[in-house]
Amino acid sequence: MDAGRETATAPAAPEDDTELARQVQTLRIAADGVRANVGQVIVGKESTIDLLLITLLCEGHALIEDVPGLGKTIMAKALARSIGVSFARIQGTADLLPSDVTGVSYFSQKAGDFEFRPGPIFAQIVLADEINRATPRTQSALLEAMQERQVTVDGQTMPLPQPFLLVATENPIELEGTFPLPEAQLDRFMVRLRVAYPSFDEERAILYRFKLTQPLDDLAPVVTGDEVVRLLPVVRAISVSQAVADYMLAIVRGTRQHPAVELGASPRAALALFRASQARAAIQGRDYVKPDDVKALAEPVLAHRLLTSAQSRLRGQNADQIIADVVAHTPVPVENVRTEGR
């Protein structure tokens, strides 16, 4: 296995508050550097870049749901180059096979034995473009990689490199010839995000930025993949008071009781919201989670996990609106959110 695919060993979480505060500031500086570096290629979209950073630091995966031509592929490539890790792209098509994703064993005449040729899933940042155009069989080949961070081929289980981030995209407009992701697979994406069209000024800046060169070609890493792995325990050490944790659970449980929802957010969703809130606090330089972190992340973390009722869909009510309604009707804690909650 090459150096880019070696599994890094993460250190233990910081043991005291002073060390935690120091490491949180190190993480914030690294996040600021990555955000600025990606910003040399992607105009605006700081909140979208932050969501990808949060997902990376939580060892989760991201689903980008938006129309073509908004820079989704370039954004994923820019993130990979900014942290100096390997990148691979999987193009979803109806004839894509699971072995095209995971790899295949072949007989090598030179070695006189079977050898394994790894597929693109063994990169550290993988873009699964138009994932809903792949067949359910091929989509399911990603489940083990997403959940267990390993791949099993011909009875042999192989770990994936660290850090590992799957960024999948799908076009919500064109549905012909697609295979919608099942709820079980949607639940394994930590966040669903949208890039959205740029503003007038942003789009003009794009025209001039790409006038002479492709900025991605000259993008250099600002941190390394090993440095990212060393920062992962810092996220889990971020303090979450009981009041804030109860606030998260009230929102999650509120989705299950909403009259427009048939299937609410799962316990996995609650844990994803918990972890994402810790990561958002960390990239902002805080060692504790605020209710504002939970509010900002409720929609991208929870909305894609809801199964809305047929009547609500007929009325034009979508999952984003339901999450906004639940958050608006959930009391916000007012006590000291710095209370120890590790």
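The values are calculated or read from the model by the stated rules, or taken from the named source; none is laboratory data. As the structure is a prediction and not an experimental result, all values here were calculated from the model. Counting neighbours? That spans all protein chains shown, and the Cβs are built from the backbone with ideal geometry, glycine included.
Quick notes
- Qualifying positions in segment 168-196 - surrounded by fewer than 22 Cβ atoms within 10 Å (Cβ to Cβ), farther than 23 Å from residue 263 by Cα and touching a Leu at 6+ places or on another chain (Cβ under 8 Å): 195, 196
- Evaluating residue 245 against the criteria (1) assigned to a helix (DSSP H, G or I); (2) out of contact with any Gly (no Cβ under 7 Å at 6 or more places or on another chain) leaves one unmet condition, (2).
- Qualifying residue in segment 229-236 (condition: in contact with a Phe, Trp or Tyr (Cβ under 7 Å, 6 or more places away or on another chain), surrounded by 20 or more Cβ atoms within 10 Å (Cβ to Cβ) and not hydroxyl-bearing (Ser, Thr, Tyr)): no
- Only a single item in (1) under 17 Å from the mean Cα position of the chain (by Cα); (2) within 13 Å of residue 93 (Cα to Cα) is not met by residue 168, and it is number (2).
- Note on segment 104-159: among residues that are acidic (Asp, Glu) and out of contact with any Asp or Glu (no Cβ under 7 Å at 6 or more places or on another chain), the one that is farthest from residue 65 (Cα to Cα) is 113.
- Matching helices (runs of 4 or more DSSP H) fully within segment 259-342 where at least 2 residues are surrounded by 14 or more Cβ atoms within 10 Å (Cβ to Cβ): 267-283, 291-302, 319-328
A quick yes/no check of all residues on (1) farther than 22 Å from residue 188 by Cβ; (2) of a type in the set (Ser, Thr, Tyr); (3) modelled with pLDDT of 95 or more:
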position	(1), (2), (3)
218	yes, no, no
226	yes, no, no
229	no, no, no
250	yes, no, yes
256	no, no, no
267	no, no, no
273	no, no, yes
280	no, no, yes
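Residue-wise test of (1) in the same structural domain as residue 324 (by TED's automatic domain parsing); (2) free of Cβ contacts under 8 Å to residues at least 60 places away in the same chain.
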residue: 174; (1), (2): no, yes
residue: 180; (1), (2): no, yes
residue: 195; (1), (2): no, no
residue: 208; (1), (2): no, yes
residue: 212; (1), (2): no, yes
residue: 231; (1), (2): no, no
residue: 244; (1), (2): yes, no
residue: 248; (1), (2): yes, yes
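- The set of residues in segment 153-175 being of a type in the set (A, V, I, L, M) and either out of contact with any Phe, Trp or Tyr (no Cβ under 8 Å at 6 or more places or on another chain) or part of a strand (DSSP E or B) (or both) consists of 153, 158, 165, 166, 167, 168, 173, 175.
- Residue match in segment 181-194 (condition: under 27 Å from residue 95 (Cα atoms), part of a loop (DSSP other than H, G, I, E, B) and more than 14 Å from the chain's Cα centre (by Cα)): yes
- Check on residue 45, without any contact (Cβ under 8 Å) to a residue 40 or more places away in the chain and either basic (Lys, Arg) or not assigned by TED's automatic domain parsing to the domain that holds residue 159 (or both): no
- Check on residue 88, of a type outside the set (Ser, Thr, Tyr), in contact (Cβ under 8 Å) with a residue 12 or more places away in the chain and either within 28 Å of residue 223 (Cα to Cα) or touching a Phe, Trp or Tyr at 6+ places or on another chain (Cβ under 6 Å) (or both): yes
- Selection status of residue 311, of a type in the set (S, T, N, Q), more than 17 Å from residue 257 (Cα to Cα) and out of contact with any Ser or Thr (no Cβ under 6 Å at 6 or more places or on another chain): no
Rundown of residues vs (1) in contact with a strand residue (DSSP E or B) (Cβ under 7 Å, 6 or more places away or on another chain); (2) not acidic (Asp, Glu), yes/no style:
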{"residue": "130", "(1), (2)": "yes, no"}
{"residue": "144", "(1), (2)": "yes, no"}
{"residue": "151", "(1), (2)": "yes, yes"}
{"residue": "155", "(1), (2)": "no, yes"}
{"residue": "160", "(1), (2)": "yes, yes"}
{"residue": "164", "(1), (2)": "no, yes"}
{"residue": "171", "(1), (2)": "no, yes"}
{"residue": "179", "(1), (2)": "no, yes"}
{"residue": "184", "(1), (2)": "no, yes"}
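- Residues being within 21 Å of residue 226 (Cβ to Cβ), assigned to a loop (DSSP other than H, G, I, E, B) and not hydroxyl-bearing (Ser, Thr, Tyr) - total across segment 58-105: 7
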